[in-house]
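Step one of this worksheet: look at the structure below.
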Amino acid sequence: MYIIVGSGGFLGVAFAKVFRSESVEFLTSSHSGQPDFRIDLTQPPGDFASQLPNEITHGIICSAISAIDTCRRNYEASFKFNVTHTIELIKQLQNKGITPVFCSSDMVFIGDRGNYREADERLPLTAYGEMKMAVENYLLGGNRPYLIVRLSKLFSHAKEDTSFVQDIQRKLISNETISAASDQFICMTDVNETASAINLLMQRKHTGVYHIAGPEKLTRYSLTHRIAMPMNALHLVEECSIDDIDFDEPRPKNNTLNTDKIKQELNFEFSKF
């Protein structure tokens, strides 16, 4: 049995969908909605783990403040959520014999070359990446089982989902112009396939660090171009440099992930966008 921490989020919803389709027993936890257990990592987790059934083997942590500029602007609150309280939760899970499954990010890399492997040096450019690395360091420095999954840009074609792909489509439908960088590369990864791959890792009792990412290396511009083409909205897509966009922090230009490890160990292939 698993528990999803952050079951109301984009990835959390995908986990629940995949687990139901594959008849996997699981429980949900979130700060909103009607989860099995309520948790709000803006606050310390309290005695959260003590409430959980002994049958739970893995705790999937996909709850985070993930807006990159928010992590810089509201650093203290974001650090408490993403690092301090998350590590407190991980300690509780491990003390109960539950393996933490930490959903990390390609943002732990500096992004100067791409095709990063699991053991490559991490040097984040952003506060968000620093926070993900801090939790990774806690797990890597311990002697208890853990699973770190570094994810790339998640998407879904389903209209009811909250993927940023839907946001691009809504803007184009509203006749809004979109500036898209031609010098930043990303790997689009299907959110349901991501949940399925992590489920396989848990079922087969894998531990350690794994990269999960789609097989295509796309620029933001080529991605937006691809979305706009069937909508006859190419005239609304403007090419730019990522350096032209007014972010609070510089963005990595190529932090694409190498996925040879998970493909070889699970024989799992991810779909193209």
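Summary of computed values
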| read-out | value |
| --- | --- |
| Lone unmet requirement of (1) crowded, with 17+ Cβ neighbours inside 10 Å; (2) assigned to a loop (DSSP other than H, G, I, E, B) for P53 | (1) |
| Residue check, L147 touching a strand residue (DSSP E or B) at 6+ places or on another chain (Cβ under 6 Å), under 26 Å from V237 (Cβ atoms) and modelled with pLDDT of 95 or more | no |
| Answer from M202, M229 - the residue that is free of Cβ contacts under 8 Å to residues at least 12 places away in the same chain and farther than 25 Å from E130 by Cβ | M229 |
| Unique match (being more than 23 Å from A195 (Cβ to Cβ) and aliphatic (A, V, I, L, M)) among V108, V83, V5, V24 | V83 |
| Boolean, A180 is in a strand (DSSP E or B), surrounded by 14 or more Cβ atoms within 10 Å (Cβ to Cβ) and not charged (D, E, K, R) | yes |
| First in the stretch 242-271 and free of Cβ contacts under 8 Å to residues at least 60 places away in the same chain, second anywhere and of a type outside the set (S, T, Y), Cβ under 6 Å, 6 or more apart | T259/H211; T259/A213 |
| Yes/no for S66 being of a type in the set (S, T, Y) and part of a loop (DSSP other than H, G, I, E, B) | yes |
| Residues located in the stretch 246-261, provided they are surrounded by 14 or more Cβ atoms within 10 Å (Cβ to Cβ) and either β-branched (V, I, T) or more than 17 Å from F109 (Cα to Cα) (or both) | T256, T259, K261 |
| Inter-residue pairs, beta-carbon under 6 Å, first under 17 Å from T84 (Cα atoms) and in the stretch 129-157, second assigned to a loop (DSSP other than H, G, I, E, B) and of a type outside the set (D, E), 6+ apart | E130/P124; M133/R122; M133/P124; L139/Y146 |
| One residue from S7, S29, S78 being modelled with pLDDT of 95 or more, in a helix (DSSP H, G or I) and either crowded, with 19+ Cβ neighbours inside 10 Å or of a type in the set (D, E, K, R) (or both) | S78 |
| Residue list for the stretch 81-98, filter: in a helix (DSSP H, G or I) and farther than 19 Å from Y128 by Cβ | E88, K91, Q92, L93, Q94, N95 |
| Unmet requirement for V101, which otherwise passes all of (1) in contact with a Phe, Trp or Tyr (Cβ under 6 Å, 6 or more places away or on another chain); (2) outside any helix (DSSP H, G or I); (3) buried (at least 21 other Cβ atoms within 10 Å of the Cβ); (4) of a type in the set (A, V, I, L, M, F, W, C) | (1) |
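Results for (1) of a type in the set (S, T, N, Q); (2) under 21 Å from S152 (Cα atoms), shown as yes or no for each residue.
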residue	(1), (2)
G6	no, yes
F10	no, yes
K17	no, yes
P45	no, no
S50	yes, no
G59	no, yes
C71	no, yes
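The values are calculated or read from the model by the stated rules, or taken from the named source; none is laboratory data. Worth saying up front: this structure is predicted, and the values here are computed from it rather than measured. Cβ coordinates were reconstructed from backbone atoms using ideal geometry, including for glycine residues, and neighbour counts include every protein chain displayed.
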